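Structure first, commentary second.
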């Protein structure tokens, strides 16, 4: 008989527990932490993402592994956590996979996450993905698969799309969510309401960082950057460099004097002459750290790796303030402290 050694810090008193899969740069986990959840384990298959998580939260138990290879029987601390959460790779529609002869790698991760529910038996589930998964008819076969599998296990399900700009994030970013609860708790769940007032603008968010190296036009630039950002797109891990998204997004950045074709190594210095009419040379590029601020990460959050890998992590992350809002809605639905949640029988 083998002895399983449980790693990771014990949950703090009065806190809820979670298991995070496809944790990435930690945007979802950070927001959930602020909502009252302590992860007993976090999984990701990219070493650079695991490095980011460990750099910011040395006490978290972070494992570099493919989700399909994870067996909860080897880490029994994940059994019966209050929440199984994950920001899964962006699922393509069945039609798109047929056109591109895709290998359904993203769908395989979704299936592995659903399979993990069988072993872990969490009280609640939170999975984040593209809004099209919820909104478009062509994704109905995928939604049906998830609904049937979770219904078989006794979970009630809700799908919903929220926009990060409604929760204090200076960016228009629609995010698709699946929330599920056992034992009829789904009837008590309510999606978070948008925060009152307008979201912060790009200029408000980046003014301080733009002035960090003495750029004299930082305040003037910030004053005219009085809009929320277009959606930050992390892009594919397999090709391309770091930039601020497709052509339409780059044009929106251009209107506030930002060069969206590249990502800078550092913010502008005192010598930089801001002159958008001069073309790219007169527009200011953003750094990875500034893009992270637009995603809602706190300034202290460190992103590991080289520039493109860092940008990918940030661009693919769940904005932490949005994750916090959904996490708080889940926490308020769960039994207080999880005390009445029935543990599995040994």
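Please treat every number below as a calculation from the coordinates, not as lab data. Everything numeric here is computed off the predicted structure, so don't read it as measured data. Don't worry about glycine lacking a Cβ; one is built from the backbone with ideal geometry, like all the others, and counts go over all protein chains shown.
Annotations
- Distance (nanometres) between label positions extended 7 Å along Cα→Cβ at residue 186 and residue 66: 3.1 nm
- The fraction of Cα-Cα pairs per 10 angstrom bin, counted from 0 for segment 103-176, comes to 17, 46, 29, 8 percent, rounded to whole percents.
- Of the peptides 186-199, 160-173, 126-139, the ranking by mean beta-carbon count within 10 Å, highest at the top, reads 160-173, 126-139, 186-199.
- Sequence-separation-based contact order of the chain, relative, with Cα cut under 8 Å and 6+ spacing, percent: 19 percent
- DSSP bridge pairs, the chain: antiparallel proportion in percent, nearest 5: 45 percent
- Once the C-beta distance of residue 34 and residue 265 is scaled by a Förster radius of 30 Å, the resulting FRET efficiency is 0.50 to the nearest 0.05.
- Highest-first packing order for the peptide set 225-238, 33-46 is 33-46, 225-238, based on the mean count of other beta carbon atoms within 10 Å.
- Ordering of 304-311, 268-275 by burial proxy (mean other Cβ atoms within 10 Å per residue, highest first): 304-311, 268-275
- Taking 0.36 nm per residue of separation and subtracting the current Cα-Cα distance, fully stretching the chain between residue 151 and residue 336 would add 64.2 nm.
- Normalised contact order of segment 202-314, rounded percent, pairs of Cα under 8 Å and 6 or more residues apart: 26 percent
- Site pair residue 118 and residue 255 shows an inter-label distance of 5.0 nm when each label is modelled 7 Å from Cα along Cα→Cβ.
- The mean sequence separation of alpha-carbon pairs under 8 Å and at least six residues apart, normalised by the residue count of segment 97-189, gives a relative contact order of 30 percent.
- Computed extension length for residue 281-residue 224: 18.7 nm, one decimal, from 0.36 nm per residue of separation with the Cα-Cα distance subtracted.
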